[in-house]
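**Student:** Got a structure for you, questions after.
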Amino acid sequence: MRRSALGFVVGCGALFAIPVVALAAANPQLSASTGTYYVTEIGLGAIARVVVDGSGNVTTTEMYISGLPTSGPDSAVFANDGTLIVSNFDDGTISRVDVNARKIVTPMINKTPLDTPVADLASDPSGNDVWAIARGGSGTNALERIDLSSGAVTAMNPDSIDSPGGIVFNDSGSRLFVSSGGGSVYEVDPHTGHVLHQVKVDGSPDGMTYDPSTGFVFTSGCGGLCELDTASNGLRYVKTLKSADGDGIAADGRGHIYVAMSGCGDLCRVDLATDTSVTVADSISGADDVTPLVGAGSGAGACLNLSSCFGGPAAAGLAVASVALFMFVGASGYAGGPAPLPSVAGHGGVAHAVHAGATHIAAPPAPSGQPPPPSDQPSLAGRVQEETGERMFEVAGAGIEEGSTVVGSEAEVAAEQETLPPPPPEEPPPPPPPVDAPPPPPLDDTPPPPPPGAGRVARDEDDQEPDHS
């Protein structure tokens, strides 16, 4: 890997950070990680960007976004409007960032300072709030809810959970989980903050993530990654993955957990099926946490778990198409709902983003026997295709699946095209008669002559004459 030092330029009395780019040789193992990730750089007031292409080439840009308070950022999650919400650790503030424009929109959202150090965040997909953790605290303010519209702050730790470390919602916002440095993972009521379930685990649990594809919760800091089952509205320890540990973690919903500040690199990927790890990036100064890649906090909230938003797996294709169209409408801004699908989370975070370009919708097929109208659009009805030049997001039929193309210049989301069965062949019309064949003889409508004896009437035994009256 080739890496340059961070650079600064002084001009007009201000200090400006120069983004520094590091390139890594292609690693075929990373082809399953194609996309864009944002990693918070704690102590630098910056967020790095990591881009992985389909061949496994990795480009890391440190200080891609800068100008945040230098005590942070610790954690970052995407709000439901597509903007990035960042916790600034010792500064006691949270900020709003426009990732596309690479600028800070609102330096301080909260109207009153938060208990410090403000660390991990969780975005509520069912509302317009984020929850924040005051690292190391145990009072009622160790968990706080911030209204992103008004900036109002509400204490949400009535049962005094000790030393909360990580926090995460499920994909619908109906359940909320908190890890404690005291060796427990809790489920708390997202409306009141009261504890509903508690499970003891090893170590000092820290960063958290929820995988909507399995319904499992994971936490770092257990001597590995602890896996907990949330089925039947309960909470049950399953196992500990030992191949990597760190601070912030994020599930991708495709069988991987991404770990920031781990033993295998500043950004590491863990395979859940094999409990093996691979380094994604190792040149991020101050890397600390991983932002959500799916579900709550990823920019699309609950609707990244498509079947939960559109009534079951059969509606997945409709869901993907709807999300794609929405992304196009919101591509130039972030008003009205989940615009570009980015994600960032945790104490120094990683984000995954999806950006839309031009959107095309295929016309329905022409009626049978008629040629289709001339068009350069895709021929499969219902397909949504978005292009930005170098990568593509494609949706068709029923479902979405990891593939080899990506969305925009920011991330990959690929869709599986459902192959439609061919229509049954039509019977060919009867062939026309040969051109030189003689015409068929005309039809004769003249009735045939009567047979001999027709019209004679047989006499009966008395040889009576027939009655001609």
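Any read-out appearing in this document is the output of simple, stated calculations on the displayed coordinates, not a laboratory observation. Nothing here was measured: the structure is a model prediction, and the numbers come from that model. Here the Cβ positions follow ideal geometry from the backbone for every residue, glycine too, while neighbour counts run over all protein chains shown.
**Student:** Can you return the lysines within cross-link range of K239? Criterion is Cα-Cα under 22 Å, with same-chain partners fewer than 8 residues away left out.
**Tutor:** K200
**Student:** Based on the mean of other Cβ atoms within 10 Å per residue, sort peptides 74-80, 39-45, 176-182 so the most packed one is first.
**Tutor:** Those peptides, ordered most packed to least, come out 74-80, 39-45, 176-182.
**Student:** If you don't mind, there's one more thing I want to ask. Could you grab the relative contact order for segment 161-205? Cα pairs under 8 Å, six or more apart, rounded to a whole percent.
**Tutor:** Rounded, it is 32 percent for segment 161-205.
**Student:** Here's a follow-up. Extending each Cα 7 Å along its Cβ direction at A231 and V21, get the distance between those two points in nm, one decimal.
**Tutor:** 4.8 nm
**Student:** How far apart, in nm, are the 7 Å Cα→Cβ label points at S31 and R254?
**Tutor:** In this crude spin-label approximation the distance works out to 1.2 nm.
**Student:** How much length would be gained if the chain were fully extended between H191 and A101, taking 0.36 nm per residue of separation minus their Cα-Cα distance, in nm to one decimal?
**Tutor:** Additional length available on full extension: 29.0 nm.
**Student:** Using the count of nearby Cβ atoms within 10 Å as a rough guide to exposure, how do T61, T209 rank from fewest to most?
**Tutor:** The fewest-first ordering by Cβ neighbours comes to T61, T209.
**Student:** Work out how much length D159 to N141 would gain on full extension: take 0.36 nm times their residue separation and subtract the Cα-Cα distance, in nm to one decimal.
**Tutor:** 5.4 nm
**Student:** For R49, R145, R102, which order do you get if you count the other beta carbons within 10 Å of each Cβ and list the fewest first?
**Tutor:** The fewest-first ordering by Cβ neighbours comes to R102, R145, R49.
**Student:** Ranking Y37, Y237, Y186 by Cβ neighbours within 10 Å, fewest first, what do you get?
**Tutor:** Y237, Y186, Y37
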